[in-house]
Number of protein chains: 4
Amino acid sequence: MMKFEKGDAETQTVDVGGGCVFGGPRLVIIAGPCTVEDRAQTLEIAAAVKEAGASMLRGGAYKPRTSPYAFQGLHEEGLDILAEARANTGLPVVTEVLESADLAKVAAVADMLQIGSRNMHNSVLLQAAGRTGKPVFLKRGMSARIEEFLLAAEYVLETGNERIVLCERGIRTFETVTRFTLDLSAVPLLKQRTWIPVAVDPSHGTGMTSLVPPMACAAVACGADAVMVEVHCCPDKALCDGDQSETPELFYRMVKELRTLASAIGRTL
Amino acid sequence: MMKFEKGDAETQTVDVGGGCVFGGPRLVIIAGPCTVEDRAQTLEIAAAVKEAGASMLRGGAYKPRTSPYAFQGLHEEGLDILAEARANTGLPVVTEVLESADLAKVAAVADMLQIGSRNMHNSVLLQAAGRTGKPVFLKRGMSARIEEFLLAAEYVLETGNERIVLCERGIRTFETVTRFTLDLSAVPLLKQRTWIPVAVDPSHGTGMTSLVPPMACAAVACGADAVMVEVHCCPDKALCDGDQSETPELFYRMVKELRTLASAIGRTL
Amino acid sequence: MMKFEKGDAETQTVDVGGGCVFGGPRLVIIAGPCTVEDRAQTLEIAAAVKEAGASMLRGGAYKPRTSPYAFQGLHEEGLDILAEARANTGLPVVTEVLESADLAKVAAVADMLQIGSRNMHNSVLLQAAGRTGKPVFLKRGMSARIEEFLLAAEYVLETGNERIVLCERGIRTFETVTRFTLDLSAVPLLKQRTWIPVAVDPSHGTGMTSLVPPMACAAVACGADAVMVEVHCCPDKALCDGDQSETPELFYRMVKELRTLASAIGRTL
Amino acid sequence: MMKFEKGDAETQTVDVGGGCVFGGPRLVIIAGPCTVEDRAQTLEIAAAVKEAGASMLRGGAYKPRTSPYAFQGLHEEGLDILAEARANTGLPVVTEVLESADLAKVAAVADMLQIGSRNMHNSVLLQAAGRTGKPVFLKRGMSARIEEFLLAAEYVLETGNERIVLCERGIRTFETVTRFTLDLSAVPLLKQRTWIPVAVDPSHGTGMTSLVPPMACAAVACGADAVMVEVHCCPDKALCDGDQSETPELFYRMVKELRTLASAIGRTL
């Protein structure tokens, strides 16, 4: 039997500190900029999402980009900014790590290590991240079947680290209006197959600001334990992914809707 | 400007009789067997779904099947059974039509004509169905982009018939655990692009009984006006699609959940 | 056992008249305009493709279009023009039929009935076309698995009509540079599974003029019995699919390449 | 302008030693086991493929596997065996590297570094591999668009290393009979867009032994500069990918067919 398999077990909780627990009755809302662009931008967004009800801060210091000429992130400087944002807001931080060589630096700051979609099949990185003992936020590969996603999680579990969260973030299909096709059926499927908490990223999953709130609601309605959302104070000026970012105002309204929904289905936020 | 485009318009309502109105505050729940197998089976299911809160009856008399050797439906006899089920329960009936030559027969019984996924690109059938003046329930082709789906609706609208409902029912992707990938982002996308009411079929969209209730909830949470669900008293013995059918008990529980959800988001059921 | 299954049988030949035989040692080259636009255009192209070495003429009189406002074909007038083109060139004609009601008219002119990609799942049309006794040119649905393609052919075979040719024409994938992804592995797969001859349409399969000749060569190299290519004298002015049409000059060069290739693998052209 | 863009340039040649040159008139045939299982197996296969006409040896010492419990390769021991196989046969060796930390070890033995499909988006590894100065064999990600594939190559080129070969190896689609869908249209597309030589891997691209020879022929017919094929003396006992491996006998016959084809299109082998 694989370690990810559920048997009779309930969803296991993953406590990442700062009162943020995945897999319990309280929904986790992760919010923040796609990329840590500079100190002012990140601190402003962190304060805004905290105010609006987020329970965790996201933000990329190391960015995997399709083109070598696109902005690749602030690296160590970005990590320092994230640490400052955490100190200011009390929000724990999740940020992506791209290769084993960076793990020590990233793990020194992050409360949770994100393995992105492009690295879901990177077994070397999965094992190394697992061995740090830090909680791992694992995104589904954009062309990964559910079984492959669970086997990627198994690479982390096999190191003895059980603090992991799975995140559906959209799969690649023939549809071109949306950036990816958010596969929400993955949520109940995963909840039925594994005890690992499940998150959804509707920002990458749709690529369109206007679709993020309804899809966040849908994610919660079908059982997601967490939602990860990109928020930017000036989406028009974002260095990356502005088209899929919420303003703090839109985010605030979305959290309100999610709160109503959560209470209707016996959860809190 | 295409006729399907929204501009400033609200979602338009489609009244199919029997108190069943698509696109208003009240959610429409369409339920029934995949196929009209015989009189007893259909009348029993119709009574059960009515009792559980369905507002419309579905059931196939003409079935499009992948293999020529699979059961193709009871045809006229099936239509007669559907008419009797309506007389018994008061539920209006939606049933599929496969070709123009059958339109008169089907339209004489059905309150709403279903154009299935395999025929979404069948412009000849779309126009002929439109011309009957009957409400049309148009399912998305399994490999149709949103724009193509809307243009298929335009074939109906262009005949002057505006009583149409669009139904997301899953698209074909690389995922193999589910029968199709239910693309719920189509719901808010369509609501933003058109005034036509939007339905979701989680039974075909997932192909798994256990995924239907959570995905029905997700559909409602992101704005669907209607949900279409397959119900069978003995899914094990169903001639078609037993793996994705709810029992009346499961359906009853699902409707209860949907009612709670609906009231949380300002709708009724 | 399904009628399409091969067992120990060789590929069966389908003779459509005018010396054009599918499935034998001689490759069949089908060429012509996407759409019969007018008499002059069609007669000019027919003469040019005959001259260049085509063995069959293609051209649409009934066009399935995504938008109801796009040109839908000349219908009966288009069929008359095709008949004249055949009389001038001696090339047998294949043309698409969209619904059963048109079958008599189309079958009166066409030497071979084309069932297009959008209608591959239209079992009613498949059976009606089969019953005419005319040879059927069946295109793969854009999201049909090989097994479904073969079962669609079974709908024709089951009527007793064994004169059928299967045509790979591209499937829908996430790739966006090409119009579809031409799945050439379908060619050897089908040759191993069935005795039905196999054709390839690289024009629709790629959507790009410059990719048609190399993909036609690839199709022949992996065993295709026929190639269907769109040719237009002024692709820039084509009412439909100009981006994927060859000029007569390009087509002439392509046939020459195919002839060299055919002789290298023991076939003729 | 990106470094990969063609402009007026011809395909550039990549010389990997041992008389093996990609992108010239002579086709390169890369063959060998999926995985270096043990010394005897690898030396036997190496001798057989050399005898049959291969110009390069493939074999995995570091294997990316979906499950952590599957055989992950012999690592350094595997590299030693590959070095011995090269010494015996004179064939240069291409083998996969999974992370930057292994680059020095792998580059010390390999004549060419393979970046596999799962790592095509791994920009860190691409840059590190580029910086070794070794030739790079870059496989297309299983869900990468052509443009993303070219941008991945740009990560290598940007380090100043221009010795790179692109390899189409199948993309993920809805088709389930084949393991992936080999997208041969990528070959002429890439040849028109870039000066980088193009290879095709029909073994992974189809996943079926019987489809490899026809698809290798198709690849050559549409312009591929190289073909990579898995060969195993006992496919039934292979630790990995036996279903898609050729026996030496089948491989020998395939090379013969390719030779005939090559000469018909003005190339050699």
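Spot the failing condition for C:Glu148; the list is (1) free of Cβ contacts under 8 Å to residues at least 40 places away in the same chain; (2) assigned to a loop (DSSP other than H, G, I, E, B), and only one is missed.
Among (1) free of Cβ contacts under 8 Å to residues at least 40 places away in the same chain; (2) assigned to a loop (DSSP other than H, G, I, E, B), C:Glu148 violates only (2).
Mind listing whichever residues of segment C:28-50 are open to solvent by 10 Å² or more (accessible area, probe 1.4 Å) and touching a residue at least 60 places away in the same chain (Cβ under 8 Å)?
C:Glu37, C:Gln41, C:Glu44, C:Ala48, listed by residue number.
How many of the residues making up segment B:245-264 are more than 9 Å from chain A (Cβ to nearest Cβ), of a type outside the set (A, V, I, L, M, F, W, C) and open to solvent by 20 Å² or more (accessible area, probe 1.4 Å)?
Qualifying residue count for the region: 7.
Of the conditions (1) farther than 27 Å from B:Leu182 by Cβ; (2) crowded, with 23+ Cβ neighbours inside 10 Å; (3) of a type in the set (A, V, I, L, M), A:Ile164 fails just one. Which one is it?
Evaluating A:Ile164 over (1) farther than 27 Å from B:Leu182 by Cβ; (2) crowded, with 23+ Cβ neighbours inside 10 Å; (3) of a type in the set (A, V, I, L, M) leaves (1) as the failure.
Evaluate the following for D:Arg267: is it surrounded by fewer than 24 Cβ atoms within 10 Å (Cβ to Cβ) and over 22 Å from D:Thr95 (Cβ atoms)?
Criteria met by D:Arg267.
Would you say D:Ala61 is open to solvent by 20 Å² or more (accessible area, probe 1.4 Å) and among the small types (Gly, Ala, Ser)?
No; evaluated as a whole, the condition is false for this residue.
Looking at segment D:136-156, can you tell me whether even one residue there is farther than 25 Å from C:Val187 by Cα, open to solvent by 10 Å² or more (accessible area, probe 1.4 Å), modelled with pLDDT of 95 or more and more than 14 Å from chain A (Cβ to nearest Cβ)? Steps first, answer last, please.
Going through segment D:136-156, the residues farther than 25 Å from C:Val187 by Cα turn out to be D:136-138, D:147-156.
Applying the additional criterion that residues be open to solvent by 10 Å² or more (accessible area, probe 1.4 Å) yields D:147-148, D:151.
Pick out the ones that are also modelled with pLDDT of 95 or more and you get D:147-148, D:151.
Checking the rest, the ones that are also more than 14 Å from chain A (Cβ to nearest Cβ) come to none.
Checking segment D:136-156: not a single residue is farther than 25 Å from C:Val187 by Cα, open to solvent by 10 Å² or more (accessible area, probe 1.4 Å), modelled with pLDDT of 95 or more and more than 14 Å from chain A (Cβ to nearest Cβ).
What are the residues in segment D:100-131 that are in contact (Cβ under 8 Å) with a residue 60 or more places away in the chain and not small (Gly, Ala, Ser), if any?
D:Asp111, D:Met112
Could you list, in sequence order, all residues of segment A:66-99 that are closer than 30 Å to D:Phe149 by Cα and touching a residue at least 60 places away in the same chain (Cβ under 8 Å)?
The answer is A:Ala70, A:Phe71, A:Val94.
Anything in segment C:157-183 that is over 14 Å from D:Leu184 (Cβ atoms), among the aliphatic types (A, V, I, L, M) and touching a Ser or Thr at 6+ places or on another chain (Cβ under 8 Å)? List them, or say none.
Scanning segment C:157-183 gives a single hit, C:Leu166.
For segment C:114-129, check the following and say yes or no: at least one residue is part of a helix (DSSP H, G or I), open to solvent by 10 Å² or more (accessible area, probe 1.4 Å) and in contact with a strand residue (DSSP E or B) (Cβ under 8 Å, 6 or more places away or on another chain).
yes
Please determine whether any residue of segment C:184-204 is aliphatic (A, V, I, L, M), within 30 Å of A:Phe180 (Cβ to Cβ), touching a strand residue (DSSP E or B) at 6+ places or on another chain (Cβ under 8 Å) and modelled with pLDDT of 95 or more.
yes
For the subset of segment C:177-228 comprising residues that are of a type in the set (D, E, K, R) and within 23 Å of C:Glu147 (Cβ to Cβ), which member is surrounded by the fewest Cβ atoms within 10 Å (Cβ to Cβ)?
Across segment C:177-228, the extreme among qualifying residues is C:Arg193.
Let me confirm something: among C:Asp102, C:Asp111, C:Asp15, which residue is within 14 Å of chain B (Cβ to nearest Cβ) and closer than 22 Å to C:Leu126 by Cα?
So the residue among C:Asp102, C:Asp111, C:Asp15 that is within 14 Å of chain B (Cβ to nearest Cβ) and closer than 22 Å to C:Leu126 by Cα is C:Asp102.
Would you check if A:Gly141 is without any contact (Cβ under 8 Å) to a residue 60 or more places away in the chain and assigned to a helix (DSSP H, G or I)?
No: the conditions fail for A:Gly141.
Consider D:Arg86 carefully, then state whether it is modelled with pLDDT of 95 or more, basic (Lys, Arg) and either over 22 Å from D:Ala238 (Cα atoms) or surrounded by fewer than 19 Cβ atoms within 10 Å (Cβ to Cβ) (or both).
Working: modelled with pLDDT of 95 or more: yes; basic (Lys, Arg): yes; either over 22 Å from D:Ala238 (Cα atoms) or surrounded by fewer than 19 Cβ atoms within 10 Å (Cβ to Cβ) (or both): no.
It is false that D:Arg86 is modelled with pLDDT of 95 or more, basic (Lys, Arg) and either over 22 Å from D:Ala238 (Cα atoms) or surrounded by fewer than 19 Cβ atoms within 10 Å (Cβ to Cβ) (or both).
Suppose we filter segment B:159-174 for residues that are more than 14 Å from chain D (Cβ to nearest Cβ) and in a loop (DSSP other than H, G, I, E, B); how many remain? Lay out the reasoning, then the answer.
Step one: filter segment B:159-174 for residues more than 14 Å from chain D (Cβ to nearest Cβ), giving B:159-169.
Narrowing the set further to residues that are in a loop (DSSP other than H, G, I, E, B) leaves B:159-163, B:169.
The total comes to 6.
What tally of residues in segment C:244-260 results from selecting those that are of a type in the set (Asp, Glu) and out of contact with any His (no Cβ under 8 Å at 6 or more places or on another chain)?
2
What's the total number of residues in segment C:205-244 that are touching a residue at least 40 places away in the same chain (Cβ under 8 Å), within 14 Å of another protein chain (Cβ to nearest Cβ) and β-branched (Val, Ile, Thr)?
4
Just for segment D:175-219: of the residues that are outside any helix (DSSP H, G or I) and charged (D, E, K, R), which one is nearest to D:Arg58 (Cα to Cα)?
That would be D:Asp201.
Could you count how many residues in segment C:90-99 are open to solvent by 10 Å² or more (accessible area, probe 1.4 Å), more than 10 Å from every other protein chain (Cβ to nearest Cβ) and of a type outside the set (Gly, Ala, Ser)?
Matching residues across segment C:90-99 total 1.
The values are calculated or read from the model by the stated rules, or taken from the named source; none is laboratory data. Since the model is a prediction, treat every value here as computed from it, not as a measurement. Neighbour counts run over all protein chains shown; Cβ positions are idealised from the backbone, glycine included. Accessible surface is based on the protein model in full, side chains and every heavy atom, while ligands, DNA and RNA are left aside. Shrake-Rupley method; radii C 1.70, N 1.55, O 1.52, S 1.80 Å.
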